[in-house]
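Trainee: To start, I am sharing the structure in question, which I have written as structure tokens.
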Protein chains: 2
Amino acid sequence: MTISESNQHAIPSDTFISEFIDTLTFNEDGLIPAIAQQHDSGEVLMMAWMNAESIGETLRNNRVCYWSRSRGKLWRKGESSGQVQLLKNFRVDCDADTLLLEVDQTGPACHTGRRTCFYRVVEGDILKTDSEPLIDPETLYGK
Amino acid sequence: MTISESNQHAIPSDTFISEFIDTLTFNEDGLIPAIAQQHDSGEVLMMAWMNAESIGETLRNNRVCYWSRSRGKLWRKGESSGQVQLLKNFRVDCDADTLLLEVDQTGPACHTGRRTCFYRVVEGDILKTDSEPLIDPETLYGK
């Protein structure tokens, strides 16, 4: 896969990355929540977790890498599905305990094949599904 | 304070709220992360935590109420500052372990007086502040 290098996040030095990570507040498992937002449309795509190593990899590579709590290993978003997240901006909140990643998401972010993981909304007494899969999940993971 | 009741989230029944809460995955502290997004502009304003009680209160009142981990009590957003979050849509993700609240935020969401808590962005070797306070925090909390 070829990824355009234009208009991307400028890659910080290893020294900066290390010092930046030291300013963050991780939970007792060494993790920090990271919200992924499509940089141009503003869609909130998903929330996942990062550890120090995945933050370093993300900042160095301009491709988003999380920490998978269920698998207990680095989760290079799109490594199975091909649906990568190119990093546009890496933000941190006022308390330095939550990250906001502005990304360019290829296709669906959600393992169900939907663009966003937040496809269910409370409407009165109904939990309504208001978006449909862009791609059959079997196509995403079945290859 | 008068809040317009028009174009708001339809209030679910207590039965639905109770059953809905039972479908959510809370962490070992009984909490679930909740992202607040301005409903019309798409700005990600903040991330905070909710427990079952704060979810119930939010859905019943159409005003966002979090759980404050630092204070160990319900945090009715805006109760000190006046900067309330009116609920527009209450979303849940595919794994039912993260919430997305589409809100109408009065003024700043951040305790620094900024619109959003995510006002710092990595640019090369600089952590840049790219928005300024709308209101002096002393004005927000000093009254």
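The values are calculated or read from the model by the stated rules, or taken from the named source; none is laboratory data. Not measured: the values here are computed from a predicted model. For neighbour counting, all protein chains shown are included, and Cβ atoms are generated from backbone atoms with ideal geometry for every residue, glycine included. The protein model used for the area step is the full one, side chains on, heavy atoms only, and it has no ligands, DNA or RNA in it. Shrake-Rupley method; radii C 1.70, N 1.55, O 1.52, S 1.80 Å.
Trainee: Between helix B:52-61 and chain B, what is the angle of the helix's C-alpha long axis to the longest principal axis, kept within 0 to 90° and rounded to the nearest 10?
Mentor: 90
Trainee: Next question, about the same structure. Compute accessible area for region B:35-61 by itself and then with all protein chains, 1.4 Å probe, and report residues whose area falls by 40 Å² or more.
Mentor: Residues losing area: B:ILE35, B:VAL44, B:MET47.
Trainee: Please figure out what share of the DSSP beta bridges in the protein assembly as shown is antiparallel and state it in percent, rounded to the nearest 5.
Mentor: Values: 50 of 60 bridges.
Counting DSSP beta bridges with both partners in the protein assembly as shown, the antiparallel share is about 85 percent.
Trainee: Residues of region B:83-104 with amide nitrogen under 15 Å from the 7 Å Cα-to-Cβ point of B:ARG71?
Mentor: Only B:83-85 fall inside the zone, counting backbone N under 15 Å.
Trainee: A follow-up question, please. Checking buried surface per residue: for region A:92-115, which residues lose a minimum of 30 Å² accessible area in the protein assembly relative to the chain alone (1.4 Å probe)?
Mentor: A:VAL92, A:ASP93, A:CYS94, A:THR98, A:LEU100, A:HIS111
Trainee: Could you check the spin-label model distance between A:GLU28 and A:SER13? Points 7 Å from the Cα along Cα→Cβ, value in nm.
Mentor: 3.8
Trainee: Now, a different point. Cross-link candidates for A:LYS73: which aspartates and glutamates have Cα within less than 14 Å, leaving aside residues fewer than 8 places away along the same chain?
Mentor: Cα-Cα hits under 14 Å: A:ASP29, A:GLU53, A:GLU57.
Trainee: Per residue, how much accessible area does the protein assembly as shown have with a 1.4 Å probe, in Å²?
Mentor: Working: 13080 Å² over 286 residues.
Accessible area per residue, the protein assembly as shown: 46 Å².
Trainee: Which percent of the accessible area of chain A is formed by carbon and sulfur heavy atoms (probe 1.4 angstrom)? Write down the numbers at each step before the final one.
Mentor: Details: 2990 of 6540 Å².
Here it works out to 46 percent.
Trainee: In debye to the nearest 20, how big a dipole does region A:14-109 give about its Cα centre with +1 on each Lys and Arg Cβ and -1 on each Asp and Glu Cβ?
Mentor: Numbers: 9 positive and 15 negative charges, 96 e Å.
Dipole size: approximately 460 debye.
Trainee: How high is the relative contact order of chain A, in percent, counting Cα pairs under 8 Å that sit 6 or more residues apart? Walk me through the intermediate numbers first.
Mentor: Values: 252 pairs, mean separation 29.4, N = 143.
Once normalised by length, the contact order is 21 percent.
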